[in-house]
Amino acid sequence: MDLRELSLRHSASCFFNSLFREWFDYAIQSSPNQIAIETGCKESLTVKLTNGDELYLPLTRNSLMGRHQYSSTFYVHSAGILKATDFLTVAEVLVKHLTAVFPNSTGNDAVFMDRLKNSVENIELALGHRKADLQSIYARPMNFQQAEQGLMIGHNFHPYPKMREGFDEADYRQYSPEMAGQFTLHWFLAKPETVVNEKAQKFQIEQWTLDAFLKDYSSSAVATAKLKAGYIPFPVHPWQKQHLLKNPVVQNYLKEGSLLDLGAAEKPWFPTTSLRSIYASHSPFMMKFSLTLRLTNSIRHLTAVEVVRGLQVYDVFMTSKAQEFSRKQPQFQVVFEPAFMALKDPSGEILTESIVVCRENPFTESNREEAVVLSTLAQDNPLGGENLIQKSIRKESEKTGRPLSEISEQWFARYLEVAVKPLVLAQANYGILLGAHQQNLILSLKANFPEKAYFRDCQGTGYSHFGFSLYGKDVASLKMENGNILDDKGNILFAYYLMINSTFNVIAAIAADHWVREEDLVRDLRKFLMSIRDTNPQDHSCLNYLLDQAEIWHKGNFTCSLQNMNENTATNPLSIYNLIKNPIAAVAVKA
């Protein structure tokens, strides 16, 4: 299969699966004879258009988790004639149809299609650039950096997962993880009065950027003198630098000497799966930046409200109650974000496009573990064939002689114990809601199985009212008005990220070649959650929601995209959520 066809096939899967979790005006039925003969697909997903035409999307796999696989050929039935066509043609027809159906989306079809085509082209470019590298990565254990730069397809329930609105091709090659991008960090020195330098109460490092600077930059006489004079090292993403230098406040600081431009450092940094978060094995910290760039649903500017939440998480986990959780779950670690820095204007307002977050780095040069972000583990093999979870299962089968089905269930059981159990208990017994979607969970693998889980990206963290009662007195920044003390909305968000986004995709990845049925893994998941509920945790509400509700809420990436929303600035984040059937509750009915 050539690169263009691979890109289109992966793009079609993401596009259609995203759509059909949010829009239910379709049917799955037996394929017409012509389609069955030409594609070998016994089933097709069919859509009736308002003009009377029908679309046939032949299925190579019908997934209970909604992660269907499609033939590379699609069909339009019009005026009695069934005609084969390609993905982008079908997508354009569907998008025109959908903008008349979805609320608040009229007139957005051209923008949507441009973004879709940009994503398709980027996937094709990345697959071509990384083909030999991917073959190597999929053949042997990988380190943290390789895994972060191995997510080639992106969010498998998003209509244009690799859209990069604001990058030209040169930018895409240098700054994107799927292109194995690398670059040197840009450094300024700033007078303290120009900088907001916030840290968690319990974080002991006063000047974290100084530690990173000394690891990254060979000292010069000018830098040494200015550091002694009290200037603070201030890191800037090299792509974002162009935007900051256009800001009149920054221009004035440079002119008056309040800000000194040291230029690029010497050592390489690497973009991770989220692109705006960067990693270097030589640094004690990773960094997360504001980028004036649209990725998937939003322009990627950090805000003061969200970065403060990283500081809250650090201080919450330093309390005696949360320390109890950490002791009881040694297989689970939060990668903290205990500080952030930003430039401010003369009135004291933060320049949001300058914010940089300090993230701990557990994966320094001395750490040799195989630490793989879940989204890379669970993605379809970019070049075709078995995904990374399946490869681990097959290696264990070949080593032990045990059946693939048995090891598949064992791998899933280990995932539940290592990753899901700590997150569920954090919510149920400690009132902490960690937004554990696929890009926020990292699994450390040992002897083919998950051994440890890391959670990152603390800005999406919230607390139940029970959690607020536990930590509100000890953590000064934890206040009701911050917007992350949540009622039932917290259960919706928490369950979406951990279950629908992460765990359902793990199930689909394990069962991709029918070594085990998706239904059986869902049943294992239900039994696992019931066993936790049977221990009578402090807060049953989320477990009850997952185990008992016939429908659960799902984040509508297609809706958000078709409405051309900036998710980060939406007044009600749940406005793009929709109800889907809950397979966890459904297996109980069948049983």
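Since every read-out is calculated from the coordinates, none of them should be taken as a lab result. The structure displayed is predicted, hence computed values, not measured ones. Note that we place each Cβ from the backbone using ideal geometry, even for glycine, and neighbour counts take in every protein chain shown.
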Next on the checklist: Could you check the spin-label model distance between Ser63 and Gln538? Points 7 Å from the Cα along Cα→Cβ, value in nm.
Outcome noted: 3.6
Next on the checklist: Spelling out what I want: for every residue of segment 398-408, take phi, set θ = phi - 60°, compute 6.51 cos²θ - 1.76 cosθ + 1.60 (Karplus), and round to whole Hz; glycine and proline get x.
Outcome noted: 5, 6, 9, x, 7, x, 4, 4, 5, 6, 4
Checklist entry - At a Förster radius of 51 Å, what calculated FRET efficiency corresponds to the Cβ-Cβ distance of Ala36 and Lys131, to the nearest 0.05? => result 0.95
Checklist outcome for this item: Under the Karplus relation with 6.51, -1.76 and 1.60 and θ = phi - 60°, whole-Hz ³J(HN,Hα) for segment 443-448, x at Gly and Pro, equal 9, 8, 9, 9, 6, 6
Next on the checklist: Given points 7 Å out from each Cα along the Cα-Cβ axis, report the Lys328 to Asn566 separation in nanometres with one decimal.
Outcome noted: 4.2
Checklist entry - Zone of Ala413 (label point 7 Å along Cα→Cβ, backbone N under 11 Å): which residues in segment 523-563? => result none
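Need the full-extension length gain, Lys246 to Lys344, defined as separation in residues times 0.36 nm minus the C-alpha distance. One decimal, nm.
33.8 nm
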Checklist outcome for this item: Rounded to the nearest Å, the spacing of the alpha-carbon centers of segment 533-588 and segment 75-130 is 27
Next on the checklist: With the crude spin-label approximation of a point 7 Å out along Cα→Cβ, what separation in nm comes out for Phe466 versus Met113?
Outcome noted: 5.1
Item to check | chymotrypsin sites (Phe, Trp or Tyr not before Pro) restricted to segment 1-43 and DSSP loop, no more than 12 other C-beta within 10 Å | outcome: Phe24
Next on the checklist: Are there any GluC sites (Glu not before Pro) in segment 125-228 that are in a DSSP loop and have at most 16 other Cβ atoms within 10 Å? List them by number.
Outcome noted: Glu206
Next on the checklist: Residues of segment 50-70 with the amide nitrogen closer than 17 Å to a label point 7 Å from the Cα of Ala586, along Cα-to-Cβ, please.
Outcome noted: 61-69
Checklist entry - Taking trypsin sites (Lys or Arg not before Pro) that fall in a DSSP loop and have at most 16 other Cβ atoms within 10 Å as cut points, what is the longest piece of the chain between them? => result 43-201
